[in-house]
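Data first, discussion second: the structure below is written as structure tokens.
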Amino acid sequence: MDVIVVGIKTYRQKIKKDISFSGEYHGKGPIKNVLIASGIIKHLNAYTDTIVDYKNLILFKAQSGKNNSRKSDTVATKLKEYFDRCLETQGYMLTEDAGNYMGKMFGEVINNCEIHGGVNSIWYTIGHYEMKEDGCGEFQLAIFNFGDSISQRIRSKETTAEIKDLLNKMNEIHKPNYGANWNQDAMYTVLSLQEGISRLKDRNNPGNKKRGTGTIRLMESLYTIGMSKPGKEPDLSITSGNINIKFSNKYSLDNVLFNDNIMGNNLRKIIAFNNDNDIYKPADSNNVRIMKETFPGTVISIKFYLDGKYLQTFAE
């Protein structure tokens, strides 16, 4: 909403036609600080008489880039440093290896937004961290782009013959299960998140041989460390087109050995979102949903907790 409204405002200024925005704001509840410090009130420089205590906030200013702008590495480094600053509020900091790993995952996610959203795609990222009264920190991060959905991109004209062949075979396997809770777009979206699956993958091209995504590894890592006291669990999801994938502790990434003419003869990390972790079976409709609405692009929505007491279990 912020991006669209600010875009309208910028366009109206460009054509020298005024526009104004107003709304009713109650200034109550947990969303208050997000709206004022990181959200629509901040981005419109709108007036509000509600006071925010910035001592308990660490903000990651909105960053953006276009297709092939090559900003993913720079922004990934900023995100890693931002995460480390938030982590310090709980008395911890990233080791050099952990920092490199985190930076690499952020880089892969943003790079996917940058090069896989289509020629005219634009990506954004913004973060908000707030220390709560109980000493636990709440970390929110959005990484999204406007452009093609994941399903649209994996079957685009640039997709290699190797991946197109895989898609055709997978479609034939899943077709009998298509219905209200499972369709081709859902299957392609889940498939795209698996290790080694990329529309540019080509075994004959060394540079593209190991292409894939770090999105799943990032989400799993944040889910693992992002727990807090009972009742507070991470809320991580991917929305692309009309497909929504929600992460939970029910399904996780695991090694699966393949030996067939579809996925090949190798070991892959797979999260199929079903009880058998079988990529040839439909996903659980509680975790992979087909929505009535469609988002023109992809949103990675992350909310998790940094709780010093919980993090101590890892340190030990």
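The values are calculated or read from the model by the stated rules, or taken from the named source; none is laboratory data. This one's a predicted model, so the numbers in the text were calculated from it and none came from an experiment. For neighbour counting, all protein chains shown are included, and Cβ atoms are generated from backbone atoms with ideal geometry for every residue, glycine included. Ligands, DNA and RNA are stripped out before the accessible areas are found, and what is left, the full protein with its side chains, is counted by its heavy atoms. Shrake-Rupley method; radii C 1.70, N 1.55, O 1.52, S 1.80 Å.
So Ser72 clears everything in (1) hydroxyl-bearing (Ser, Thr, Tyr); (2) touching a helix residue (DSSP H, G or I) at 6+ places or on another chain (Cβ under 7 Å); (3) open to solvent by 20 Å² or more (accessible area, probe 1.4 Å); (4) at pLDDT below 90 except one condition, right? Which one?
Evaluating Ser72 over (1) hydroxyl-bearing (Ser, Thr, Tyr); (2) touching a helix residue (DSSP H, G or I) at 6+ places or on another chain (Cβ under 7 Å); (3) open to solvent by 20 Å² or more (accessible area, probe 1.4 Å); (4) at pLDDT below 90 leaves (3) as the failure.
Go through the stretch 285-316 and give me each residue that's surrounded by fewer than 17 Cβ atoms within 10 Å (Cβ to Cβ) and acidic (Asp, Glu).
Glu293, Glu316
Kindly provide the set of residues from the stretch 221-238 that are surrounded by 17 or more Cβ atoms within 10 Å (Cβ to Cβ) and farther than 22 Å from Met102 by Cα, ordered by number.
Matches in the stretch 221-238: Lys232 only.
Give the number of residues within the stretch 81-109 that are in contact (Cβ under 8 Å) with a residue 12 or more places away in the chain and within 29 Å of Lys32 (Cβ to Cβ).
Residues meeting the conditions: 12.
Just wondering, is there one or more residues in the stretch 20-39 that are under 25 Å from Glu130 (Cα atoms) and among the basic types (Lys, Arg)?
Yes, the conditions are met somewhere in the stretch 20-39.
Please work out if Asn67 is touching a helix residue (DSSP H, G or I) at 6+ places or on another chain (Cβ under 9 Å) and either without any contact (Cβ under 8 Å) to a residue 12 or more places away in the chain or closer than 19 Å to Val299 by Cβ (or both).
Numbers: touching a helix residue (DSSP H, G or I) at 6+ places or on another chain (Cβ under 9 Å): yes; either without any contact (Cβ under 8 Å) to a residue 12 or more places away in the chain or closer than 19 Å to Val299 by Cβ (or both): yes.
Criteria met by Asn67.
May I ask you to list pairs of residues, at least six apart or on different chains, whose Cβ atoms are under 6 Å apart, with the first in the stretch 12-29 being on the phi > 0 side of the Ramachandran plot and the second being of a type in the set (S, T, N, Q) and surrounded by 10 or more Cβ atoms within 10 Å (Cβ to Cβ)?
Gly27/Thr50
From the set of residues in the stretch 124-134 that are open to solvent by 30 Å² or more (accessible area, probe 1.4 Å) and not hydroxyl-bearing (Ser, Thr, Tyr), which is farthest from Tyr310 (Cα to Cα)?
Ile126
Of everything in the stretch 137-159, what is among the polar types (S, T, N, Q) and either under 30 Å from Leu35 (Cα atoms) or surrounded by fewer than 21 Cβ atoms within 10 Å (Cβ to Cβ) (or both)? Give them in sequence order.
Gln140, Asn145, Ser149, Gln152, Ser156, Thr159, listed by residue number.
In the stretch 239-266, how many residues are over 25 Å from Asp165 (Cβ atoms), of a type in the set (D, E, K, R) and exposed (fewer than 13 other Cβ atoms within 10 Å of the Cβ)?
Selection size over the stretch 239-266: 2.
Is it fair to say Glu162 is within 13 Å of Leu306 (Cβ to Cβ), open to solvent by 10 Å² or more (accessible area, probe 1.4 Å) and either touching an Asp or Glu at 6+ places or on another chain (Cβ under 7 Å) or in a strand (DSSP E or B) (or both)?
No, not satisfied.
Might you let me know whether the stretch 97-115 holds any residue that is in contact with a His (Cβ under 7 Å, 6 or more places away or on another chain), of a type outside the set (Asp, Glu) and surrounded by fewer than 19 Cβ atoms within 10 Å (Cβ to Cβ)?
no
Among residues belonging to the stretch 16-47 that are polar (S, T, N, Q) and within 23 Å of Tyr124 (Cβ to Cβ), point out the one that is most open to solvent (accessible area, probe 1.4 Å). I'd like the intermediate steps shown before the answer.
Going through the stretch 16-47, the residues polar (S, T, N, Q) turn out to be 20, 22, 33, 38, 45.
Narrowing further to those that are within 23 Å of Tyr124 (Cβ to Cβ): 33, 38, 45.
Details: Asn33: 20, Ser38: 14, Asn45: 132 Å².
Checking each candidate, the answer is Asn45.
All but one of (1) within 18 Å of Leu306 (Cβ to Cβ); (2) of a type in the set (D, E, K, R); (3) in contact (Cβ under 8 Å) with a residue 40 or more places away in the chain; (4) assigned to a helix (DSSP H, G or I) hold for Glu138; state the number of the condition that does not hold.
That leaves (4) as the condition not met.
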